[in-house]
Amino acid sequence: MKKLTTKKRIYTINIQAKEYERQIKNSNLAKNKSIKEKLKKRNRKDCGDVIDIFAPKEFSLSTEENRKLLMEFLNKAISHLKAGRNVSICFKKTKTLIPCGTLLATSKIEQLVNTYPGKVSCTYPEDNVVEQLFQHIGLLDKLGKLPRKDIDEDSVRFWHYVSGKSADDVSQFKDLLQSASLSEDTRSGLL
């Protein structure tokens, strides 16, 4: 008898698992709630559809609860992408952007977009300021969304986001510092 290849073994195991699920459904053994939950989870993992991941209401690291929610959101996206699934980040509930959490999330999402090209997308935020900020710093563009807002909020206009692989490339930061209008006293205090 021939030894099965790895692909053939995986295919056979998947066929057996699907047949087992079919038997459970047909024999009414799925009345047990825990079996139903296991079937739902298995079906969701097997489908090749896009997984919706909901961003937290507040992008912040200032409290333990906010930090936990933000990190869980990012880790969930990472785990689904590592498993080969497409991910859609849902920004509908996001209302507050604190710089520490926003910078962490933006850099992590940018890293995921670069690592998994074509696998990360998003929905537009419902909050006007959140959408303006994500548009202004280029996050929506990286996630494949076209700009649709005018940047007119004062709390958004002065945000700047620069990314790169090394802090040695100061040309990006020079432009950023020259664009900021600081008084002479403030500028001299920075040097």
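The values are calculated or read from the model by the stated rules, or taken from the named source; none is laboratory data. In this text, all values refer to a predicted model and were calculated from it rather than measured experimentally. Counting neighbours? That spans all protein chains shown, and the Cβs are built from the backbone with ideal geometry, glycine included.
Numbers at a glance
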{"quantity": "Some residue of region 134-142 being part of a loop (DSSP other than H, G, I, E, B), among the β-branched types (V, I, T), assigned by TED's automatic domain parsing to the domain that holds R67 and modelled with pLDDT under 90", "calculated": "yes"}
{"quantity": "Filtered residue count, region 70-117, keeping only those that are touching a helix residue (DSSP H, G or I) at 6+ places or on another chain (Cβ under 9 Å) and among the basic types (K, R)", "calculated": "3"}
{"quantity": "Sole residue being of a type in the set (A, V, I, L, M, F, W, C) and in contact with an Asp or Glu (Cβ under 9 Å, 6 or more places away or on another chain), chosen from L140, L81, L103", "calculated": "L140"}
{"quantity": "So T102, is it buried (at least 17 other Cβ atoms within 10 Å of the Cβ) and under 16 Å from S60 (Cα atoms)", "calculated": "yes"}
{"quantity": "Qualifying residue in region 95-109 (condition: in a loop (DSSP other than H, G, I, E, B) and more than 12 Å from A55 (Cβ to Cβ))", "calculated": "yes"}
{"quantity": "Single unsatisfied condition, L39 versus (1) among the aliphatic types (A, V, I, L, M); (2) at pLDDT 75 or above; (3) surrounded by 12 or more Cβ atoms within 10 Å (Cβ to Cβ)", "calculated": "(2)"}
{"quantity": "Residue check, S107 surrounded by fewer than 19 Cβ atoms within 10 Å (Cβ to Cβ) and either out of contact with any Leu (no Cβ under 7 Å at 6 or more places or on another chain) or among the charged types (D, E, K, R) (or both)", "calculated": "yes"}
{"quantity": "Any hit, region 134-145, residues being farther than 17 Å from V50 by Cα, surrounded by fewer than 18 Cβ atoms within 10 Å (Cβ to Cβ) and touching a residue at least 24 places away in the same chain (Cβ under 8 Å)", "calculated": "no"}
{"quantity": "Conditions (1) modelled with pLDDT under 90; (2) surrounded by fewer than 18 Cβ atoms within 10 Å (Cβ to Cβ); (3) aliphatic (A, V, I, L, M); number of the one not met by V156", "calculated": "(2)"}
{"quantity": "Residue match in region 111-122 (condition: over 24 Å from R85 (Cα atoms), of a type in the set (S, T, N, Q) and either in contact with a Lys or Arg (Cβ under 6 Å, 6 or more places away or on another chain) or surrounded by fewer than 16 Cβ atoms within 10 Å (Cβ to Cβ) (or both))", "calculated": "no"}
